[in-house]
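The values are calculated or read from the model by the stated rules, or taken from the named source; none is laboratory data. In this text the structure is predicted, and so the values were computed from the model without any measurement. Cβ atoms come from the backbone with ideal geometry, glycine included; neighbour counts cover every protein chain shown.
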Amino acid sequence: MEYALAYPQIDPVITRSHVKLKNDLEVDLKISDPDDWGSMLQHFTGSKMHNIRLRTLAKERGLSLSEDGILEKEKLHRFKTETDFQSYEKSVKNRGIKLLIGLEVDIRPEGDFALSDKLMATLDYAIVSIHSAFDNTVAKNTERIITALSHPKALILGHPTGRIINHRQSLSADWEKVFAFCVKNHKLMEVNAYPDRLDLPDDLIKTALGKGVKLIINTDSHKAEQMNHMKYGVWQARKGYAMKRDVVNSLTWQNLQTVLK
Ligand SMILES: [Zn+2]
C-alpha cells in the first residue's frame, strides 16, 4: 500500500484506499493475495447491476459471492485469474442465462452482405439492414430486401425504411410483398427505438400486423446508456397497434427458440 500511495500523480490521498489523481480521476486502491486476484478483479470491474445479478444467482444456488471468491458449504473457491472465475461460472449448471450471438449486417445494393458466408455461419441470427443507395426504384428496393432476407441467417430486417426523422425519407418498397415474404418465411420486422428513426413507422407497423408479421423491438444502441431508448420502441409499436403477442421480445426462451430456427 505504501508503494501505491507514493505514486506521484496522486493529489490528494482521500483515504488510504481512495485517492484523487492530478487529472481529477478518483481511484480505489485494493490489495489482494495473488490467489484471489481473479475474484477481486471480477468483483471490482463488473458493473454494479452485473454484480447484483451474479450475487442473486449465487444465492439461488446456496452459494455466496464476495470479492474473496465463492463460498459453497463453508468452502471458499478462490480464483487466481478472471478466466478461472469464468470457467467456474460456466461449470455451475442451469444458471438461467442464455447467450445468443447476433450481428447487424449491411445489405449491399445487390442484396448481398458485407459479411462472408463463413462469418454469417458463426451467428445465431443476423439483423440485416440497408445503409446506402436509398434512391432506387420500388421494384429494385423490394428485390434487394427479399434477396437479403432469403439468407438462412437473416432473421430481422433492421430499421426497415431507413428513414431518419427530419433528415431522410423512408425508402420506397412494395411493403405488402415484403410482409408476405416475412410471414411465409418467419422473418421479423424491426421496430427500431432510436429516437430519430422509430422505424418501422406506425402506419407500416399496422399494415405488417394485419398480414401477421411479428415484430422485434431493438434499441440499436451504440452506447450503454442508449439501452434506455427501449421505451420509445415500445411506444412506437403501440402507436402501430402492436400487442404483446406481436412482439418477440416478450417470448419465453422456449418460444424464442422456435423463432430462431
Ligand atoms: Zn443500421
Open item on the list: Taking the condition of being within 12 Å of the ligand (Cβ to nearest atom) and either surrounded by fewer than 15 Cβ atoms within 10 Å (Cβ to Cβ) or within 17 Å of the chain's Cα centre (by Cα) (or both), how many residues in segment 144-163 meet it?
Closed with: 4
Task: Filtered residue count, segment 144-168, keeping only those that are assigned to a loop (DSSP other than H, G, I, E, B), closer than 23 Å to Thr219 by Cα and not β-branched (Val, Ile, Thr) - done: 8
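So is Leu204 hydrophobic (A, V, I, L, M, F, W, C), surrounded by 18 or more Cβ atoms within 10 Å (Cβ to Cβ) and within 16 Å of the ligand (Cβ to nearest atom) or not? Give the derivation first.
On the way: hydrophobic (A, V, I, L, M, F, W, C): yes; surrounded by 18 or more Cβ atoms within 10 Å (Cβ to Cβ): yes; within 16 Å of the ligand (Cβ to nearest atom): no.
Considered against the rule, which asks whether it is hydrophobic (A, V, I, L, M, F, W, C), surrounded by 18 or more Cβ atoms within 10 Å (Cβ to Cβ) and within 16 Å of the ligand (Cβ to nearest atom), Leu204 comes out as no.
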TODO: Kindly check whether there is at least one residue in segment 175-187 that is surrounded by 19 or more Cβ atoms within 10 Å (Cβ to Cβ), within 16 Å of the ligand (Cβ to nearest atom) and over 21 Å from the mean Cα position of the chain (by Cα).
DONE: no
TODO: Residues being surrounded by 11 or more Cβ atoms within 10 Å (Cβ to Cβ) and either modelled with pLDDT under 95 or more than 18 Å from Cys182 (Cα to Cα) (or both): count how many of those fall in segment 245-254.
DONE: 2
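Suppose we keep only residues that are part of a loop (DSSP other than H, G, I, E, B) and within 13 Å of the ligand (Cβ to nearest atom) within segment 101-143. Which one would you say is modelled with the lowest pLDDT? Walk me through how you get there before you give the answer.
Looking only at segment 101-143, we keep the residues that are part of a loop (DSSP other than H, G, I, E, B), and these are 101, 108-112, 114-116, 121-124, 131-137.
Pick out the ones that are also within 13 Å of the ligand (Cβ to nearest atom) and you get 114, 131-132, 134.
Values: Ala114: 87, His131: 95, Ser132: 93, Phe134: 91.
The residue in question is Ala114.
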Task: Filtered residues of segment 221-244 (kept if assigned to a loop (DSSP other than H, G, I, E, B) and either at pLDDT 95 or above or aromatic (Phe, Trp, Tyr) (or both)) - done: Gly240, Tyr241, Ala242, Met243
Task: Filter pass, Val259 being surrounded by 12 or more Cβ atoms within 10 Å (Cβ to Cβ), modelled with pLDDT of 95 or more, among the β-branched types (Val, Ile, Thr) and part of a helix (DSSP H, G or I) - done: no
Task: Matching residues, segment 17-71, being in a strand (DSSP E or B) and closer than 23 Å to Glu2 by Cα - done: His18, Val19, Lys20, Leu21, Glu26, Val27, Asp28
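Looking at Ala208, Ala180 in this structure, which one is assigned to a helix (DSSP H, G or I) and within 15 Å of Ile156 (Cβ to Cβ)?
Values: Ala180 fails: within 15 Å of Ile156 (Cβ to Cβ).
Exactly one of Ala208, Ala180 is assigned to a helix (DSSP H, G or I) and within 15 Å of Ile156 (Cβ to Cβ), namely Ala208.
Which one is farthest from the chain's Cα centre (by Cα) among residues in segment 211-220 that are in a loop (DSSP other than H, G, I, E, B) and surrounded by 16 or more Cβ atoms within 10 Å (Cβ to Cβ)?
Within segment 211-220, the subset in a loop (DSSP other than H, G, I, E, B) is 212-213, 219-220.
Remaining after also requiring surrounded by 16 or more Cβ atoms within 10 Å (Cβ to Cβ): 213, 219-220.
Details: Val213: 22, Thr219: 8, Asp220: 8 Å.
Applying the filter and picking the extreme gives Val213.
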- [ ] Give me the pairs, please: first residue somewhere in segment 185-197 and on the phi > 0 side of the Ramachandran plot, second residue anywhere and aliphatic (A, V, I, L, M) and surrounded by fewer than 19 Cβ atoms within 10 Å (Cβ to Cβ), beta-carbon distance under 9 Å, and either six or more positions apart or on two chains.
- [x] His186/Val259
Open item on the list: Name the residue that is surrounded by the fewest Cβ atoms within 10 Å (Cβ to Cβ), counting only residues in segment 34-64 that are among the acidic types (Asp, Glu) and in contact (Cβ under 8 Å) with a residue 40 or more places away in the chain.
Closed with: Asp35
